[in-house]
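Heads up: the structure comes next, in structure tokens.
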Amino acid sequence: MSENPLPLEKENEVYSRKSWWGEVWGRLYLNKMAMAGLAILIILVLAAIFADAIAPFGYDDQNLNETFLRPSLSHLFGTDNFGRDIFSRILYGARISLTVGLFSVSISVVAGGLLGAVSAYYGHMTDNVIMRLVDVFLAIPGILLSISIASALGPGLMNMMIAVGIGSLPTYARVTRAAVLSIKEQEFIEAAVSVGASNFRVILRHILPNCLAPIIVQATLGVASAILVAASMSFIGLGLEPPTPEWGAMLSVGRPFIRDHWHIVTFPGIMIMFTIFALNVFGDGLRDALDPRLKR
Amino acid sequence: MFFEIKDLSIHYSTGGNTFKAVNHIDLSVEKGQTIGLVGETGAGKTSTALGIMNLVPNPPGRIVSGEILLEGKDILKMSKIETRRVRGNRISMIFQDPMTSLNPTITVGEQLSEVIRVHQKASKIEATLKAKEMLETVGISGDRYGEYPHQFSGGMKQRVVISMALACNPELLIADEPTTALDVTIQAQVLELMKKLKNDFDASMLMITHDLGVVAEICDSVAIMYAGEIIEFGSLEDIFDSPSHPYTVLLFGCVPDIDSDVKRLTPIEGLMPDPSRLPEGCHFYPRCPKRIPICAGEAPVNVEIGDGHKVKCFLFGKGAALN
């Protein structure tokens, strides 16, 4: 080949070595709303991780002398009907809510993603069988599905995450299938098959990494709805039992006192709202950043 | 005979129509030989190539009949695992468009070492070293192992694709229009490289193209395809010096010649027949300027008009007597 006249350091400047994810981050960084969402999320995650250190009280420390206290300096968000510190309970609740959100979305992304990918890649009978099953699931609204699964499995954190995960699985199967369908027709897939790669290898290594963008976006938005579904389930008593500080359960418990003691329901509600808002804004930003047509 | 295609037919069926893309093709390749498969768009060149790799998308495609013999063993009858061992290892393919035949999410080097690791019992480090060596062979610095396809130019991508195809020392290389997507200056480079590497690696090659210039550059023998059939086959000299089938003659009329001062090129009138309704008799009959009555009713057979020079036309052999 031709001699390279440039010294090596210069060459590094000529060939930008920014990876694809680096570019995505660059575009995401310019989106102020998405960055605000990301900041809220980071604060929430830190709060959840360091709840033990930050929280002034334990989440189930009762003090029957100090029930229904209004927000004050000693109890930032006030106390509830058992005199428990709401601020501490919200911090610990962040742990539960984020775990539920991430874990149940992981269940549905992995299971739904694999179903969708297999279905799209093999096509024909496989596709028909899997997709008709998914259609059956889709016919039932996600939250109803989760509720029925949760009532069959019984209450508890694990069962609730499984229920929420299965409830949103069909959406991921659909999204992945659509993405795989378009990728598998590309020439590099044919090229991969033509060098002797196995089906398993082609799906995992060549197809799925190229489908990540829509799945990631769906998952970010999905965490928000999983938290919401989990909160609603706790609210109607199918999720976690008290005294576990789940935000939805806190809302549910505080409901009878809403007339006289607004702070018991308001703060958990605001936290749910902020979390969902942050996730949605971040998810939207991520979608825009991942879409190459918006490249400037 | 090292590689042989016998009576290969590939049909595509959609919605009740059957498209006869490849019809009863016979072709043989000897060790070290380069054969050009020439024809216009839709002649069935790519289908033939996919058929050889047993990669015809099914459905709608189906290999209706035929044998593809690699050293006497029929590829079409091999088990899935055996086929995978052949693909990329003994027969490999260079695709038409280098822009789309590399995976954008994996680094070039990893894609290259993947091919090596699929077929050879090599450790990750050995494969990496081999991959860098292959990159150097095609004139790309081994330092660029960790870069992504979008950081390469079109010509370099095609070099990478070529190095992938050659990574396991295949015995047969199928090149499906490897230079069509490249500009002319790069075309020459890539062809020169392929020619050199083919000799270095002692491989045979099936060059699929519609460009007679490419054929003249690197082929030993030429097969002219029309409507899914090979209508003329001969050595490079046979085809270029004495083209015999009327279609071949017309094909050369479409290429500018630097020696003669021609104001206009002569295109071939009409279109390739619809492969779902191929005309009876000779498929080229409706467009043929030299047609004779027998062409409409009967399909011509191969006539040997010289040493290894075969033509499927009634103007030669038995038909010529009738004329």
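What average number of partner chain Cβ atoms lie no more than 10 Å from the Cβ of the residues making up A:193-206?
Whole-number average of other-chain Cβ neighbours for A:193-206 is 6.
Segment B:222-323: which trypsin sites (Lys or Arg not before Pro) are DSSP loop and have at most 16 other beta-carbon atoms within 10 angstrom?
Filter output for segment B:222-323: B:Lys263, B:Arg264, B:Arg277, B:Lys290.
If you average the sequence gap of Cα pairs under 8 Å that are 6 or more apart and divide by the length of segment A:98-296, what percent do you get for the contact order?
Contact order relative to length: 24 percent.
From the backbone phi of segment A:246-253, what are the Karplus-calculated ³J(HN,Hα) couplings (6.51 cos²θ - 1.76 cosθ + 1.60, θ = phi - 60°) in whole Hz, Gly and Pro given as x?
7, 4, x, 5, 4, 4, 4, 5
Relative contact order of segment A:58-158, please, whole-number percent, based on alpha carbon pairs below 8 angstrom and at least 6 residues apart.
Rounded, it is 15 percent for segment A:58-158.
Any of B:Lys45/B:Lys195; B:Lys45/B:Lys198; B:Lys20/B:Lys73; B:Lys132/B:Lys198; B:Lys77/B:Lys198; B:Lys31/B:Lys312 with alpha carbons more than 24 Å apart? Name them for me.
The pairs that break the limit, which is 24 Å between Cα atoms, are B:Lys20/B:Lys73; B:Lys77/B:Lys198; B:Lys31/B:Lys312.
How far apart, in nm, are the 7 Å Cα→Cβ label points at B:Ile294 and A:Asp61?
Here the answer is 10.7 nm between the modelled labels.
Give the calculated FRET efficiency between A:Met273 and B:Lys80 to the nearest 0.05, with a Förster radius of 51 Å applied to their Cβ-Cβ distance.
FRET efficiency, A:Met273 to B:Lys80: 0.40.
What list of ³J(HN,Hα) values in whole Hz, one per residue of segment A:150-167 in order, does the Karplus curve 6.51 cos²θ - 1.76 cosθ + 1.60 (θ = phi - 60°) give from phi, with Gly and Pro shown as x?
Residue by residue, segment A:150-167 yields 5, 6, 6, 7, x, x, x, 4, 4, 4, 5, 5, 4, 4, 5, x, 5, x Hz.
Could you tell me whether the protein assembly as shown comes out rounded, prolate or oblate from its Cα gyration tensor? Rule is a ≥ b ≥ c as square roots of the eigenvalues, rounded for a/c under 1.5, then prolate if a/b exceeds b/c, otherwise oblate.
prolate
To the nearest 500 deg cm²/dmol, what mean residue ellipticity at 222 nm is calculated for chain B from DSSP H runs of n ≥ 4 alone, each contributing -39,500 (n - 2.57), summed and divided by the residues?
-9000 deg cm²/dmol
Which of the helices in chain B, when you take each full DSSP H run, stretch at least 15 Å along the axis at their Cα atoms and have an average Kyte-Doolittle score of 0.0 or higher?
Those that pass (Cα extent of 15 Å or more, hydropathy at least 0.0) are B:108-119, B:154-166.
Between beta-carbons, use under 11 Å as the cut-off and find the net charge around A:Gly112, counting Lys and Arg +1, Asp and Glu -1.
Counting the neighbours of A:Gly112, the net charge comes to +2.
Report the Stokes-Einstein translational diffusion coefficient (µm² s⁻¹, integer) for segment A:98-296, Rh taken as the Kirkwood radius over Cα pairs, at 25 °C with viscosity 0.890 mPa s.
After rounding, the answer is 134 µm²/s.
For chain A, what does -39500 (n - 2.57) per DSSP helix run (n ≥ 4), summed and divided by total residues, give at 222 nm, in deg cm²/dmol to the nearest 500?
Mean residue ellipticity, 222 nm, calculated: -23000 deg cm²/dmol.
May I ask you to derive the relative contact order of chain B, considering only C-alpha pairs under 8 Å and at least 6 residues apart, and to give it as an integer percent?
This gives 20 percent for chain B.
Would you tally the net charge around B:Ile75, using a Cβ to Cβ cut-off of less than 13 Å, leaving B:Ile75 out, and scoring K and R as +1, D and E as -1?
+2
May I ask for the net charge around A:Asp61, where only other residues with Cβ less than 12 Å from the Cβ of A:Asp61 are counted and Lys, Arg are +1 while Asp, Glu are -1?
Here the charged neighbours net out to -2.
Mind checking the angle between helix A:263-290 and chain A's longest principal axis? C-alpha axes, 0 to 90 degrees, to the nearest 10.
10 degrees
Arrange A:Asp288, A:Asp80, B:Asp261 by Cβ neighbour counts within 10 Å, fewest through most, would you?
The order, fewest Cβ neighbours first, is B:Asp261, A:Asp288, A:Asp80.
What chymotrypsin sites (Phe, Trp or Tyr not before Pro) does segment A:212-296 have in DSSP loop regions with at most 14 other beta carbons within 10 Å?
Of the chymotrypsin sites (Phe, Trp or Tyr not before Pro), the ones in loops of segment A:212-296 whose Cβ has at most 14 other Cβ atoms within 10 Å are A:Trp262.
Taking loop as defined by DSSP and a crowding limit of 12 other beta carbons within 10 Å, which GluC sites (Glu not before Pro) in segment B:26-109 fit?
For GluC sites (Glu not before Pro) across segment B:26-109 that sit outside H, G, I, E and B with at most 12 neighbouring Cβ atoms in 10 Å, the list reads B:Glu71.
Can you work out ³J(HN,Hα) from phi for every residue in segment B:255-260, in order, using Karplus 6.51 cos²θ - 1.76 cosθ + 1.60 and θ = phi - 60°, giving whole Hz and x for Gly and Pro?
Karplus values, whole Hz, x for Gly and Pro: 9, x, 10, 6, 7, 9.
Compute the length gained on full extension between A:Ile54 and A:Ala36: take 0.36 nm times their separation in residues and subtract their Cα-Cα distance, giving the result in nm to one decimal.
4.2 nm
First check a/c for segment B:170-323, with a ≥ b ≥ c the square roots of the eigenvalues of its C-alpha gyration tensor; if it is under 1.5, answer rounded, and if not, answer prolate when a/b is larger than b/c or oblate otherwise.
prolate
Only the coordinates and a few stated rules stand behind these numbers; no lab work does. All values reported here derive from a predicted model rather than from experimental measurement. Note that we place each Cβ from the backbone using ideal geometry, even for glycine, and neighbour counts take in every protein chain shown.
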